[in-house]
Structures are given as C-alpha cells and as structure tokens.
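Bear in mind that the values in this text are calculations on the coordinates, not laboratory data. These figures come from a predicted structure and were not determined experimentally. In this analysis, Cβ positions are derived from the backbone assuming ideal geometry, glycine residues included, and neighbour counts consider all displayed protein chains.
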Amino acid sequence: MRHLMALLVAVFWFGLAHADEASGDDSDLNYPLSDEVTQAVYQYFAVGNTLAEVFVNPPTEPSLVIMGGGPDVDSAFRWMIERGGVRPWIGGRFVVIRASGTDAYNPYLYYSDENAGTSLTVLPDWVGGAAMGLTSVETLVIPDRRAADDPFVNFLVGRAQAVFIAGGDQSDYIKYWKATALHSTLVRLMRQNVPVGGTSAGLAVLGQFDFSAMADTVYSEEALSDPYNEFMTLDPDPLRLAGGFLTPPAFRNTILDSHLDTRDRMGRLLTFVSRLVVPDGSGGCPGGILAAGTSATAGARGIGVGVETALLVQGDGRNTPFTGRRATNPSTTTESAVYFVRPLQAPEVCAPERPLTVSGMEIRKLADDGVFNLSDWSGKPPYSVNVTFGRLSRDPY
C-alpha cells in the first residue's frame, strides 16, 4: 500500500507511561491519569511533535468528509486540515481512530513525499500536513469498550483539530465505541465544529441511521430479494430517531454507503432507504419511522459514495445551508461519483422473505465540480429507478 512507503513512527502508550515515570517528569503531558490507564489494551502511534503547543481557534461551522473507500482522496484531507484552522504559525493535531489496523495514515498525512519531506512541494499520494501546519498526526487503535473509555485515549482524541475514522468493520465501531466515553468525546468535537470524516466503514457510522453489518456484509441481490434477511442489520435497532451512534445534523434522516460503483451497492442502498419508510395506508416497511417524499425534515434519504471519491460537507443548516462538493484524485480510474437517493413513494411491497417493490426512487448524481445542497436536496437533475420484485428498472448509475 502506498501509505506504507514512508517512515512509520510508532509508540505504545503502555511503554510511554512507564518511560515518563522513569524520567520523573510528565509535566508537559497534561493528560488525566487513572488507576486503570494501563489496563486498557490499545495502540497509540504518532509522528511529529505531540507536545507542541497549538493555538487554533474553534471553527465557526461544521465540516464533514465521507469517503467511499479505495484509494484515499488527498485533497479531502487537506480540506479537513484547513477547515480545522490549522496553519503553519499556530499548529494543529490530526487524529485517526480505528478498531484494527496500523499507523499507515500517519506518514501519508504528515509528510510531503516518501523521503519524509515536509516541504510545500507535495507529491501525488501524499497530503503534506506538516507543510500546512500540522504539528502531529496520531493514530489510535481502539479495539474494545475498555479502550474506548480510557482517559488517555479520550484526552488525545479530545484535543484534535481533525478526526478521521479509518476503514475496517463498522460493527466493531458500533459494538466497541457506541455509548462509551469515546462516543461522548466525538459528539463534543462535532458540536465544537472540529472536522470529522470517515472512509468505508468510517463513512458507514456517520449517518443518522447506519448499516451496522452485525451479521457480515449484505449484497444488493440479497437485500432486494428480502429486505429483512439476516444480513440487513441497521442501527439503531429497532429504528428510532434517537439512539444512533454519530448523527451529524447534515446527515439527518440519512443512511450512507460506500464503494457504491465498484461493488454495485446501489440495490442495497435503495433497500436501506426503503427500510426507513414508515408503513401507511399505501405501503411502507415494518419498523420504518420516516416518510417517503420530499420533506426536508421527515423524509428518508440515502447517500452513496464511489471509490476514490469524497463528499466535503459544510454549513450549519441555519445561517448557511448544508452543501456538499465532490473531491477525487487526478489519477482516479473511476467516475468518482456521489449519489443522493430518496423515495418519492412508500414501497408497495416491503416485508420479510418477499422481494422489494418500490416505484419512483429518485436519484441525483454528482460527478463534477458542482455543489449539492443537502438542506433542500437540490443541485443536480433527478432521474428515477423503479424496483419490481427485487429487480431494478434501469441502470441506476
């Protein structure tokens, strides 16, 4: 992988804690201590100067990045760094969190080239965060609830100027992080307008409703053939307006999906969105809680992101609308599109062991430098797809 081409700087917190005790000086590490701090099992990796003072003012509006998996989008990370208020003269910290994996993001985000350079000349496949003002990039591998409740883990995440949730398995994020101290820390950061992003599984947990993958993944054919099959696990379960994991206002009433084009996931995204629709006299799905149609406050929605693609979302929904702009790499080999989905009619057939039937599923496609308004769901012309007995009426892409 390209991220493994540069120097990796790694440290385990257990060893760091005892090194500080041996030196007799931890005055520069202003973190909370507890009797349980060394009992949690997690990994902490860092590159740069983690002790540098940072003087960033809180951003004035939220910033979100949802990335569709595959090759990372370099410019999306630069946007997060800039939106977080990081500048060369004031510093800043970028924190990556994951439940498994390595510190591969650290050199990629921090350096400008494979030789650990920090110049303003940034080569392709590198972000160059140090040149933009980052004083450190830090990765935390947080594999269980004890680690997610650890004071030092939350100290590190809580002081970040940008947080990114890596890919992996979203069921781990929901099982291990939801309703923990880490959950509270992430919610607080979002309320403070700290940029937050995620790719693949990290994207999956940023909607108000999530495909939780508690029983493994689900394929489009399986979802369309039976919207309630054993792999169609959603969070919160049962569906309700409160009780989700991370629920940024920009993705209100929305479920997200990644790898949309290369893994042909449009069918399952249409099924996810259908499952959100409340039963009424004309149809709907058992357990659904949202409306079909165009309501900005009560209507079910879905967003699907292709590989090597990011949607950069800004605005507060009050003074400025939520808007999204697509980003990709110049070297992308796919269409790198973002798809915005909503059901204009309640599903006619949506029941266990029966193929989905729903008419008038509206799709809008962003595949250029335009801007999509998430507040009023406008910016690109719509086209419609019908689903009849689990079969799509046309190519949905």
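General observations
- Between the amide H of Ser63 and those of Val196, distances stay under 5 Å, these residues lying 5 or more places away or on another chain, with hydrogens modeled in the peptide plane.
- Annotation: the residues Glu230, Glu138, sorted from fewest to most other C-beta atoms within 10 Å of their own C-beta, follow the order Glu230, Glu138.
- Straight-distance crosslink candidates among lysines, where the alpha carbon sits under 17 Å from Lys380 and sequence neighbours closer than 8 are dropped: Lys365
- Working from label points 7 Å from Cα in the Cα-to-Cβ sense, the Gln192 to Ala367 distance is 4.1 nm.
- Label-point gap, in nm, between Thr320 and Ala296 - each point 7 angstrom along Cα→Cβ: 1.7 nm
- Around Thr334: net Lys/Arg minus Asp/Glu count, Cβ-Cβ under 9 Å: -3
- DSSP assigns beta bridges within the chain; of those with both partners inside it, close to 65 percent run antiparallel.
- Likely footprinting exposure, Lys175, Lys365, fewest C-beta neighbours within 10 Å first: Lys175, Lys365
- Top positive-direction residue, dipole computed over the chain with Cβ charges, set Phe245, Gln39, Ser136: Phe245
- Shape call, the stretch 273-397: gyration tensor on alpha carbons, a/c limit 1.5: oblate
- Taking the charge dipole of the chain about its Cα centre, with +1 at Lys and Arg Cβ atoms and -1 at Asp and Glu Cβ atoms, the residue from Gly197, Thr60, Gly370 reaching farthest to the positive side is Gly370.
- Long-range amide H partners of Met214 with built H, under 5 Å: Thr233
- Integer Hz, Karplus 6.51/-1.76/1.60 couplings in order for the stretch 348-359, x for Gly and Pro: 6, 10, 8, 7, x, 6, 10, x, 5, 10, 8, 9
- Fraction of antiparallel bridges per DSSP, the stretch 276-397 only, in percent to nearest 5: 95 percent
- Residue-averaged 222 nm ellipticity for the chain, from DSSP H runs of 4+ at -39500 (n - 2.57), nearest 500: -5500 deg cm²/dmol
- Gyration tensor (alpha-carbon) shape descriptor, the stretch 80-129, a/c threshold 1.5: oblate
- Residue with peak Gaussian network fluctuation, the chain [Cα springs, cutoff 10 Å], from Arg83, Arg318, Arg159: Arg318
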